[in-house]
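Heads up, the thing below is written out as structure tokens.
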Amino acid sequence: MARPTGRPRQPGEELPDFGPMIKRLRGLWLVGLIILIGLWLASGIYSVGPGSQGVVRQFGQEVAKTSAGLNYHLPWPIQTATVVNLAEVRRLNIGFEELGPGRSQERLDEALMLTKDENIVNVHVIVQYRVLDASQLLFNVRDVPGVLESATQVVLRGVVGNSPIDDVLTERRAQVQDETKVSLQSLMDEYRSGITVTDVKLQEVDAPQEVRAAFHEVVRAREDRERLTREAEGSR
């Protein structure tokens, strides 16, 4: 059996005084607690950049909007703040996907559309938009880019479907863009999405790849016919 180590306490000998050590530990614990509380309170400081707007939510409900500069909200989980850039012009591609500088891939499920005279065309369009109301953007529509993409396809198919192919290709190209922009803005206003459509640009409108060559031959033949007709009328 192992013998106990250390010197046994003698009768009448006093125990060590741990009081100062306990006081020191309590002081350190109190200082640490104060630092943690200070850091927690400081976590409510946030910055809103120029052209942006902050939305403060308390337990999920909006309680304030803040402008550019340094701002404060009660720390999490009591309040949270979301900063939304109102100046940024955002972009959405319909009918194609950009893969890099000068490279893109067509998305046929979005690009193929039917014109009024029953011709199939590939339409690539760029939609540019900005946020006008941060509250509407955050609370009214869950996925604004997704909703905008679906709405653009619906509106654009309607405008192209009411236009002959010649109008879409050349003659009324600008009007197709304007009609799409106006109808799209009206639809997003109904959703109270908080965005404004700044521009709609048709990038490419052409026949499907399989019949593109034949389609261009028909277009050239039509242009030649019109040119020869004008020349004949001038000679007459």
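The values are calculated or read from the model by the stated rules, or taken from the named source; none is laboratory data. This is a predicted model, so every value here is computed, not measured. Neighbour counts are summed over all protein chains in view; Cβ atoms, including those assigned to glycine, are modelled from backbone coordinates with ideal geometry. Surface areas here come from the heavy atoms of the whole protein model, side chains and all, with no ligands, DNA or RNA. Shrake-Rupley method; radii C 1.70, N 1.55, O 1.52, S 1.80 Å.
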Is the stretch 90-110 home to any residue that is in a strand (DSSP E or B), closer than 30 Å to residue 63 by Cβ and touching a residue at least 40 places away in the same chain (Cβ under 8 Å)? yes
Quick count over the stretch 55-72, residues being under 23 Å from residue 140 (Cα atoms) and either part of a loop (DSSP other than H, G, I, E, B) or touching a helix residue (DSSP H, G or I) at 6+ places or on another chain (Cβ under 8 Å) (or both), is 6
Result of the Cβ filter at 8 Å on the stretch 156-177, keeping first residues that are among the hydroxyl-bearing types (Ser, Thr, Tyr) and partners that are open to solvent by less than 50 Å² (accessible area, probe 1.4 Å), at least 6 apart or interchain, is 163/115; 163/176
Would you be able to say whether some residue in the stretch 2-11 is open to solvent by 80 Å² or more (accessible area, probe 1.4 Å), hydroxyl-bearing (Ser, Thr, Tyr) and modelled with pLDDT under 95? yes
Residue match in the stretch 113-127 (condition: open to solvent by 40 Å² or more (accessible area, probe 1.4 Å) and within 21 Å of the chain's Cα centre (by Cα)): no
